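Q: What follows is a single structure, and I will ask about it in a moment.
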Amino acid sequence: MKKLIILGGGESGVGTALLGQMKGFDVFLSDSGQLKPNLKEELDKAGIKYEEGGHTEETILSADEVVKSPGIPEKAPIIKALRAKGVHIVSEIEFAARYTKAKKICITGSNGKTTTTLLTHHLLKESGIRAELAGNVGTSLARQIAAGNEPDWYVIELSSFQLDDMYEFKADIAILNNITPDHLDRYEYKFENYIRSKFRITQNQTKEEAFIFNIDDPVTEEWLPKIKTGGRNYAVTTKSTTTSIYTQSGVMHVGAREGANLLFVAENLPIKGIHNIYNAMQACAAAQLVGIDDASIAAALITFVNAHHRLEYVGTVAGVDYIDDSKATNVDAAWYALECQKKPVVWIAGGTDKGNDYSALNDIVKEKVKTLVCLGLDNEKLIKAFSGIVPVIVEAKSMEECISKCHSAAQEGDVVLLSPCCASFDLFNSYVHRGNLFRECVNNLEK
């Protein structure tokens with residue numbers, strides 16, 4: 001019996017353990033932290049062995065194969081030990097995909113992948129296609145397969161960390177939103193390493209599969225000739241009419257399949273901003289390739305509701321709009337959030353810096369932002385970056401203090417935008433925790 005070791009006991013790790021046991025592996029799960037009580041209960045009920053609070057190296061190095069959480073970096077001592085021994089390490093998606101015949105639409109990108117994933121899934125479901133979410137959204141792929149779930153399509157959001165540990169996996173339809181510097185601390189601060197990671201979304205594709213990408217993204221355009229994509233390429237653009245998927249004069253034209261020609265007024269999208277026009281075109285192209293007719297796609301577009309913490313309107317207090325874009329954890333995401341604001345902005349930014357270069361925001365910040373509220377333990381880099389560009393810069397060490405300062409700075413007709421540019425882990429558990437506290441504090445203002 002082959003020994004399967006799972007590193008990381010989150011939802012996907014436990015799902016992998018259940019699937020591994022079902023497929024006849026000798027399963028052991030190890031987590032350096034503490035497991036959630038409900039997940040421990042699942043493991044106990046299934047009779048799966050596990051440890052928490054640290055890794056027993058001797059046990060882990062005895063593995064035939066290791067499935068590791070994408071949150072564990074290559075520099076972790078246990079990963080270095082496994083690599084030195086030559087143990088095969090894969091992601092949960094790579095492992096789980098071996099056991100399903102369902103087709104897969106896979107989405108990655110520095111920004112927009114969650115919205116594109118949710119929208120693609122929505123278009124399929126609303127059109128009667130049996131489709132399920134997996135990856136970074138929804139229930140883990142491994143858990144769904146272990147439960148006997150076999151839809152026609154899985155729509156899977158993939159991070160670069162997941163793609164790094166995928167080798168034989170192949171997407172039937174691959175979508176690459178864009179590539180901007182992010183997570184460089186995990187890639188030896190080399191942008192090229194991160195770019196190559198993102199392009200792994202196309203690995204193993206042949207002419208039977210499709211690759212949808214944003215040709216207006218300068219990094220994608222530069223690197224496309226360097227990567228052997230293998231699949232049928234579908235370029236998306238707002239700058240020309242030379243492709244079959246473009247936006248001109250405010251109208252989206254999507255013709256990814258022979259005989260298909262979706263026309264949709266971009267202003268009617270329920271998700272706003274130029275970035276969401278690209279996201280929508282890519283999702284519509286995928287839906288056409290699945291075989292959905294244009295009328296059904298258009299009808300489903302109108303009813304889409306995006307996930308929480310992604311340019312989410314929270315409320316209006318004293319004539320000031322409050323918007324939660326806590327998911328915006330890098331410079332490019334914040335640029336898109338600022339770009340679509342039509343009112344003067346009181347901007348909340350800050351947190352754990354990931355090697356950001358804020359200079360790309362200078363022009364948009366100068367145009368849009370009246371006050372910057374730096375929310376973090378160490379705001380020196382942000383303050384230095386925008387001094388002389390933003391008229392007023394203040395600091396806050398808690399969400400309560402932050403909202404109080406925003407309330408004082410904002411006037412009727414302004415917008416308070418939480419679009420942090422940074423990870424949340426200095427003051428919050430996650431971007432979700434940060435966004436929920438933002439909403440709570442805004443609601444307290446209303447009271």
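The values are calculated or read from the model by the stated rules, or taken from the named source; none is laboratory data. A quick note: this is a predicted structure, and the numbers were derived from the prediction, not measured. Heads up, the Cβs are rebuilt from the backbone with ideal geometry, glycines too, and the neighbour counts pull from every protein chain shown. All accessible areas refer to the heavy atoms of the entire protein, side chains included, with ligands and DNA or RNA removed. Shrake-Rupley method; radii C 1.70, N 1.55, O 1.52, S 1.80 Å.
Q: Determine Rg/Rh for segment 14-93; Rg is computed over alpha-carbon atoms and Rh is the Kirkwood hydrodynamic estimate from the same atoms.
A: 0.94
Q: Follow-up question, since we're still on this one. What is the Cα radius of gyration of segment 100-151 over 2.2 N^0.38 Å, N being its residue count? Don't skip to the end; give the middle numbers.
A: On the way: Rg = 11.2 Å, N = 52, 2.2 N^0.38 = 9.9 Å.
Expressed relative to 2.2 N^0.38 Å, the Cα Rg reads 1.13.
Q: What translational D, rounded to a whole number of µm²/s, comes out for segment 77-119 from Stokes-Einstein when the hydrodynamic radius is the Kirkwood one over Cα pairs, at 20 °C and 1.002 mPa s?
A: 161 µm²/s
Q: Let me ask another. Using modelled amide H (1.01 Å from N, peptide plane; none on Pro or chain starts), what sits under 5 Å from the amide H of Gln248, excluding residues fewer than 5 places away?
A: Residues meeting the criterion, in which the H sits 1.01 Å from N, are His253.
Q: Still on this structure, please answer the following. Enumerate the amide H contacts of Lys104 below 5 Å, restricted to partners 5 or more residues apart or on another chain; note that Pro and chain-start residues carry no placed amide H.
A: Counting only residues 5 or more places away or on other chains, the set is Tyr154, Asp172, Ile173.
Q: Under the 0.36 nm per residue contour assumption, what length would be gained going from the current alpha-carbon distance of Glu339 and Glu412 to full extension?
A: Between Glu339 and Glu412, full extension yields 24.3 nm more.
Q: Sticking with this structure for a sec: Among the aspartates and glutamates, select those whose C-alpha is under 13 Å from the C-alpha of Lys198, and discard any that sit fewer than 8 residues away in the same chain.
A: Reachable aspartates and glutamates: Glu157, Asp164, Asp165, Asp182.
Q: Normalising by the residue count of segment 198-329, find the relative contact order in percent from Cα pairs under 8 Å and 6+ residues apart.
A: RCO, segment 198-329: 15 percent.
Q: Among all the aspartates and glutamates, which ones have a C-alpha under 17 Å from Lys405's C-alpha, if same-chain residues fewer than 8 places away are not counted?
A: Asp321, Asp324, Glu395, Asp414, Glu440, Glu446
Q: To continue, here is another question. Give the distance, in whole Å, between the Cα centre of segment 149-189 and the Cα centre of segment 374-447.
A: Segment 149-189 and segment 374-447 have Cα centres spaced 30 Å from each other.
Q: First measure r as the distance between the Cβ atoms of Glu150 and Thr241, then evaluate 1/(1 + (r/R0)^6) with R0 = 45 Å and state the FRET efficiency to the nearest 0.05.
A: The formula returns an efficiency of 0.65 here.
Q: Work out how much length Asn268 to Lys381 would gain on full extension: take 0.36 nm times their residue separation and subtract the Cα-Cα distance, in nm to one decimal.
A: Result for the pair: 36.8 nm of gain on full extension.
Q: Which ³J(HN,Hα) values, rounded to whole Hz and listed in residue order, are derived for segment 94-99 from phi using the Karplus coefficients 6.51, -1.76 and 1.60 in 6.51 cos²θ - 1.76 cosθ + 1.60 with θ = phi - 60°, glycine and proline given as x?
A: In residue order, the calculated couplings are 4, 5, 5, 5, 5, 10 Hz.
Q: Starting from the eigenvalues of the Cα gyration tensor, five times each then square-rooted, give me the equivalent ellipsoid semi-axes of the chain, largest first, whole Å. Walk me through the numbers before you get to the answer.
A: Working: eigenvalues 250, 172, 83 Å².
Working from the Cα gyration tensor, I get semi-axes of 35, 29, 20 Å.
Q: Also, quick follow-up: From the C-alpha coordinates alone, can you work out the Kirkwood hydrodynamic radius of segment 164-238, in Å?
A: Numbers: mean 1/r = 0.0784 Å⁻¹.
About 12.8 Å for segment 164-238.
Q: Counting pairs of alpha carbon atoms under 8 Å apart in space and at least six apart in sequence, what relative contact order in percent does segment 275-397 give?
A: Numbers: 127 pairs, mean separation 20.6, N = 123.
Relative contact order for segment 275-397 comes out at 17 percent.
Q: 7 Å from Cα along Cα→Cβ at both Glu52 and Asp357: what's the point-to-point distance in nm?
A: 4.3 nm
Q: Please find the FRET efficiency linking Asn261 to Ala299, where r is the Cβ-Cβ separation and R0 is fixed at 22 Å, and quote it to the nearest 0.05.
A: 0.85
Q: I'd like the Karplus ³J(HN,Hα) series for segment 308-323: coefficients 6.51, -1.76, 1.60, θ = phi - 60°, whole numbers in Hz, and an x wherever there's a Gly or Pro.
A: Whole-Hz 3J(HN,Hα) from phi for segment 308-323: 5, 6, 10, 6, 8, 5, 9, x, 10, 10, 6, x, 10, 7, 10, 10.
Q: Starting from the Kirkwood Rh over alpha-carbon pairs, what translational D in µm² s⁻¹ does segment 113-245 have by Stokes-Einstein at 20 °C and 1.002 mPa s?
A: 135 µm²/s
Q: Output the antiparallel fraction of DSSP beta bridges having both residues in the chain, as a percent to the nearest 5.
A: Details: 14 of 74 bridges.
Counting only bridges with both partners in the chain, antiparallel ones make up about 20 percent.
Q: If you don't mind, another one. Label-point separation (nm) for His433 and Glu188, each offset 7 Å from Cα along Cα-to-Cβ?
A: About 3.3 nm separates the two model spin labels.
Q: Residues with beta-carbon under 13 Å from that of Asn214, excluding Asn214: net charge, scoring Lys, Arg +1 and Asp, Glu -1? Write out the running numbers ahead of the final one.
A: Details: positive: Lys113, Lys198, Lys239; negative: Asp216, Asp217, Glu221, Glu222, Asp332.
Around Asn214, the surrounding residues sum to -2.
Q: Hey, rough spin-label estimate for Glu367 and Glu65, points 7 angstrom out along Cα→Cβ, what's it come to in nanometres?
A: Placing both labels 7 Å beyond Cα along the Cβ direction yields 5.0 nm.
Q: The chain: longest stretch without exposed chymotrypsin sites (Phe, Trp or Tyr not before Pro) (DSSP loop, at most 16 other Cβ within 10 Å), sites themselves excluded?
A: With a cap of 16 other Cβ atoms within 10 Å, the longest stretch comes to 190-424.
Q: Checking a compactness column here: for segment 336-447, what do you get for Rg(Cα) / (2.2 N^0.38 Å), N being the number of residues?
A: Details: Rg = 13.0 Å, N = 112, 2.2 N^0.38 = 13.2 Å.
Working it through for segment 336-447, the quotient is 0.98.
Q: Assuming 0.36 nm per residue, please report the length gained on full extension of the stretch Val392 to Glu446 beyond their Cα-Cα distance.
A: That works out to 17.0 nm of additional length.
Q: At 1.4 Å probe size, with the rest of the protein present, what percent of the exposed accessible area of the chain is carbon and sulfur atoms?
A: Carbon and sulfur together cover 50 percent of it.
Q: Accessible area per residue, 1.4 Å probe, Å², for the chain: what's the number?
A: Working: 18800 Å² over 447 residues.
Normalised by residue count, the accessible surface of the chain is 42 Å².
Q: Dimensions of segment 214-333 along principal axes (Cα, Å, largest first)?
A: 52, 35, 26
Q: Taking θ as phi - 60°, what are the ³J(HN,Hα) couplings along segment 136-153 by the Karplus curve (6.51, -1.76, 1.60), each to the nearest whole Hz, with x for Gly and Pro?
A: Whole-Hz 3J(HN,Hα) from phi for segment 136-153: 7, 10, x, 7, 4, 4, 4, 5, 5, 5, 4, 7, x, 6, 9, x, 6, 9.
Q: Now a separate question. For segment 148-205, which trypsin sites (Lys or Arg not before Pro) are in a loop by DSSP, counting at most 10 other Cβ atoms within 10 Å? Could the numbers behind the result be given before it?
A: Working: sites: Lys170, Arg186, Lys190, Arg196, Lys198, Arg200; in loops: Lys170, Lys190.
Within segment 148-205, the qualifying trypsin sites (Lys or Arg not before Pro) (loop, at most 10 other Cβ atoms within 10 Å) are Lys190.
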